[in-house]
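Below: the structure, in structure tokens.
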Amino acid sequence: MTENKKKKSKDSILSASFAFLVLFPMMYLMLPTVIFLFLSMLPTLVALIIDSTSRNKFKYKWLCIGGLNFAGSLPFLFRLWFGNNTWDGAVELFLSSLSFLVIYSAALVGWLFYRCIPSIVLSFLEMTDQRRVVNLREAQAKLIAKWGEEVAGTSPIIKKTSSENNTKKP
């Protein structure tokens, strides 16, 4: 047991140090992108924090908000990459009214999806279930008309008398 724990801790230290050695220089080289994405993905970060503290089993809030938040920031990220790719350019691009409005509006649409889509799906499933019940009742009525009330299962069950149960087969 202790060898497994030591191996796991050694592996986690190695993977963390490898990630630090790779990601830290990448972050430094792509600092305008990191700054822009950090500022634009703040609604996703907030949703992730809120979602991780909730007691729900399924934590999809940050995925709904994050997906649309990233989709809203992607055109401006391309503008940053192919335009003024500096720290000042990243902050200036984020603070422009159009990009700020589009990015956070996309996050708002993600929030609305998270809040509205489950109730829409639930109502759709209820309607299909109700339609299935109606179809089954119609089929049952046809069977009753063809075969009689015994098919419906509503007729009283004839109980065996105790003398029938006590008879032994030779």
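Does Trp111 satisfy the condition of being aromatic (Phe, Trp, Tyr), in contact with a Leu (Cβ under 8 Å, 6 or more places away or on another chain), over 12 Å from Leu37 (Cα atoms) and outside any loop (DSSP other than H, G, I, E, B)? No; evaluated as a whole, the condition is false for this residue. Among (1) open to solvent by 70 Å² or more (accessible area, probe 1.4 Å); (2) more than 26 Å from Leu48 (Cα to Cα); (3) of a type in the set (Val, Ile, Thr), which single condition is Ile117 missing? All conditions pass for Ile117, except number (2).
Taking the listed residues Leu108, Leu77, the one that is at pLDDT 90 or above and touching a Ser or Thr at 6+ places or on another chain (Cβ under 8 Å) is Leu77, with no other qualifying. For region 55-66, the count of residues that are open to solvent by less than 70 Å² (accessible area, probe 1.4 Å), hydroxyl-bearing (Ser, Thr, Tyr) and at pLDDT below 95 is zero. Residue selection: Ile50 satisfies the criterion of being at pLDDT below 90, closer than 18 Å to Phe113 by Cβ and part of a helix (DSSP H, G or I). Annotation note: of Gly67, Gly83, the sole residue that is under 25 Å from Pro32 (Cβ atoms) and outside any helix (DSSP H, G or I) is Gly83. Residues that are among the small types (Gly, Ala, Ser) and open to solvent by 20 Å² or more (accessible area, probe 1.4 Å) within region 90-103 comprise Ser96, Ser97, listed in sequence order.
Among the residues of region 104-112, at least one is open to solvent by 90 Å² or more (accessible area, probe 1.4 Å), under 17 Å from Leu45 (Cβ atoms) and out of contact with any Pro (no Cβ under 7 Å at 6 or more places or on another chain).
The values are calculated or read from the model by the stated rules, or taken from the named source; none is laboratory data. What you see is a predicted model; the values in this text were computed from it and never measured. Ideal geometry is used to build each Cβ from the backbone, glycine not excepted, and the neighbour counts take in all protein chains shown. The area values use the complete protein model at the heavy-atom level, side chains included, leaving out ligands, DNA and RNA. Shrake-Rupley method; radii C 1.70, N 1.55, O 1.52, S 1.80 Å.
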